Every structure is written in C-alpha cells, then in structure tokens.
1. Can you tell me which residue among 119, 140 is without any contact (Cβ under 8 Å) to a residue 60 or more places away in the chain, surrounded by 21 or more Cβ atoms within 10 Å (Cβ to Cβ) and over 30 Å from residue 17 (Cα atoms)?
2. Pairs only if they're at least six apart or on different chains, beta carbon under 7 angstrom, first in segment 83-106 and assigned to a helix (DSSP H, G or I) and at pLDDT 85 or above, second loosely packed, with under 13 Cβ neighbours inside 10 Å and hydroxyl-bearing (Ser, Thr, Tyr); list them, first residue then second.
3. Taking residue 105, is it farther than 21 Å from residue 159 by Cβ, within 21 Å of the chain's Cα centre (by Cα), open to solvent by less than 50 Å² (accessible area, probe 1.4 Å) and not β-branched (Val, Ile, Thr)?
4. Find all pairs meeting these conditions: Cβ atoms under 8 angstrom apart; at least six residues apart or on different chains; first residue within segment 183-201 and open to solvent by less than 40 Å² (accessible area, probe 1.4 Å); second residue at pLDDT below 85 and among the charged types (D, E, K, R).
5. Since residue 61 meets every condition but one in (1) open to solvent by less than 60 Å² (accessible area, probe 1.4 Å); (2) more than 22 Å from residue 158 (Cβ to Cβ); (3) not in a helix (DSSP H, G or I), which condition does it not meet?
6. Quick check on segment 109-131. Is at least one of its residues assigned to a helix (DSSP H, G or I), of a type in the set (Asp, Glu) and modelled with pLDDT of 80 or more?
7. Restricting attention to segment 21-46, which residues are under 20 Å from residue 89 (Cβ atoms) and in contact with an Asp or Glu (Cβ under 9 Å, 6 or more places away or on another chain)?
8. In segment 18-44, what count of residues is obtained for those that are open to solvent by 70 Å² or more (accessible area, probe 1.4 Å) and not in a helix (DSSP H, G or I)?
Amino acid sequence: MQAVLDNLDEVLKGFGYTLFLFLVCAVASLVLGTVLVAMRVGPIAVLRLLATTYVSLVRNTPLVLIFIFFHFAAPIIGINFRWVQVHIGTFDFTSAFATAFVALSLYTACFVCEGLRSGVNAVPMGQAEAARAIGLPFGGVMTQVVLPQAMRASVPPVASALIAMLKNTSVAGVFFLAEALAVMRGLTNDNASQRLGIFLCFAVGYIILVEIVSLISLSLERRWRTA
C-alpha cells in the first residue's frame with residue numbers, strides 16, 4: 001500500500017492512459033460496429049458477405065494475436081504508427097497508444113456489431129416495411145427508423161462489450177503502453193513485499209471504472225425505456 005501512495009502520480013497517470021484508451025476505443029468501436037451492422041443487414045450481398053466474414057474472423061481471433069499482428073507483423077508490410085506523436089500535458093500518445101487503439105477498436109467493433117444486430121432483430125419487420133413503403137431509401141430506413149429503436153434494445157449487450165473492452169485495455173500494458181497494468185507490474189517488481197496491497201489497490205481502481213460504465217449504461221437504458 002505504501003508503494004502505491006509513494007508513487008501515486010505514476011498510478012494516476014497509468015489509469016489516465018487506461019481511461020483515454022477506453023474512451024477513444026469506445027467511440028471508434030461504436031462507429032465501426034454501427035457501419036458493420038448496417039452492412040450485415042443491408043440489401044447488398046457483397047457487403048453482407050464482407051461484414052459477416054470480418055466479424056466471424058476477428059471475433060474468434062484472440063485479442064493478443066491481434067496486438068501481436070499490429071505490433072510486429074504489420075510494420076513489415078508497411079503498416080505502422082510511428083508518425084503518431086501527440087502530447088497532452090504529461091501524457092504522450094505515441095505509436096504504442098495508436099497500435100493499442102487500432103487493435104482494440106477493430107476487435108471490439110465485432111461485439112458491438114453483434115449487440116446492435118440483436119437490437120435490429122428486435123425491431124418489428126413492419127417498421128422497416130412501412131418506412132420503405134413511404135419511399136425512404138435503405139439509409140433513411142436504418143438511420144431514422146431501425147437504428148434508433150435497435151439502440152434502445154441493444155444497450156445491455158453493447159454495454160457488456162464496452163465493459164469487456166475496458167478490461168481488455170490491460171493487454172496493451174504487455175505491448176509497451178504504460179497503462180494501469182504496466183504500472184502495477186513495475187511496482188510489484190520493485191516492491192515484492194507489498195505485492196498483495198498493490199494488486200488490491202489496482203483491482204479497486206478497475207472495479208471503480210467498470211462500475212462507472214455500468215451506471216452510465218443503466219442510466220441510458222432507464223431513460224430510453226421511459227422516453
């Protein structure tokens with residue numbers, strides 16, 4: 001415990017990286033997941049096949065393998081993020097952060113897509129048919145009729161996917177990003193006699209972040225139910 005107090009600034013910075021990574025990945029995965037679900041339920045067979053193949057392939061691939069690909073294999077074929085150099089206060093967002101962002105977003109978008117698809121399936125077919133009957137194109141049917149209702153029904157599965165992503169940010173600590181897990185590993189290595197206390201402190205930190213996300217999702221669900 002004393003090791004955590006003595007290095008509190010480093011601990012808070014580690015959780016800051018975790019929170020930053022979660023926020024940007026949440027936005028990106030929600031956007032990409034929405035695009036994927038539109039492709040999967042759309043009328044164009046090629047797009048349906050591409051989206052289905054992508055979701056099935058990436059969702060069933062271990063997240064660690066996706067990190068390994070973007071860290072070690074992608075630079076060999078010319079995909080790298082060395083050009084990313086963003087500095088905000090004491091936070092440095094470099095290639096390690098960018099790689100974690102891409103890997104987590106591409107992975108989580110698959111689960112967001114499936115969560116939204118369950119919401120789309122919950123919307124009565126008559127709603128879409130009525131929208132098409134009055135002349136709305138597919139884009140209008142999705143954005144004005146189907147997706148608004150689907151998002152209300154899919155809050156629990158999508159929230160679960162985002163909570164899982166928050167916990168998956170810990171994988172980034174293995175790949176050179178100084179987020180919370182990496183800081184915890186450093187502190188336990190330097191303070192072997194305080195490992196249990198350090199672990200408990202970081203566990204409480206993760207629990208608090210997860211509870212915040214859960215409360216936000218519950219608030220949205222209740223608000224949309226009464227709307």
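The values are calculated or read from the model by the stated rules, or taken from the named source; none is laboratory data. Note that this is a predicted model, so its numbers are computed, not measured. Using ideal geometry, Cβ is built from the backbone for each residue, glycine included, and neighbour counts are taken over all protein chains shown. The accessibility values were calculated without ligands, DNA or RNA, using every heavy atom of the protein model including side chains. Shrake-Rupley method; radii C 1.70, N 1.55, O 1.52, S 1.80 Å.
1. On the way: 140 fails: surrounded by 21 or more Cβ atoms within 10 Å (Cβ to Cβ).
Only one candidate passes the filter, namely 119.
2. none
3. Working: farther than 21 Å from residue 159 by Cβ: no; within 21 Å of the chain's Cα centre (by Cα): yes; open to solvent by less than 50 Å² (accessible area, probe 1.4 Å): yes; not β-branched (Val, Ile, Thr): yes.
No, not satisfied.
4. Note: pairs meeting the criteria are 188/195.
5. Of everything listed in (1) open to solvent by less than 60 Å² (accessible area, probe 1.4 Å); (2) more than 22 Å from residue 158 (Cβ to Cβ); (3) not in a helix (DSSP H, G or I), residue 61 misses just condition (2).
6. Initially, segment 109-131 is screened for residues assigned to a helix (DSSP H, G or I), giving 109-122, 125-131.
Now narrow it down to the ones that are of a type in the set (Asp, Glu): 114, 129.
Next, from what is left, pick out any that are modelled with pLDDT of 80 or more: 114.
There is at least one residue in segment 109-131 that is assigned to a helix (DSSP H, G or I), of a type in the set (Asp, Glu) and modelled with pLDDT of 80 or more.
7. 21 - this is the single residue of segment 21-46 that is under 20 Å from residue 89 (Cβ atoms) and in contact with an Asp or Glu (Cβ under 9 Å, 6 or more places away or on another chain).
8. Qualifying residue count for the region: 2.
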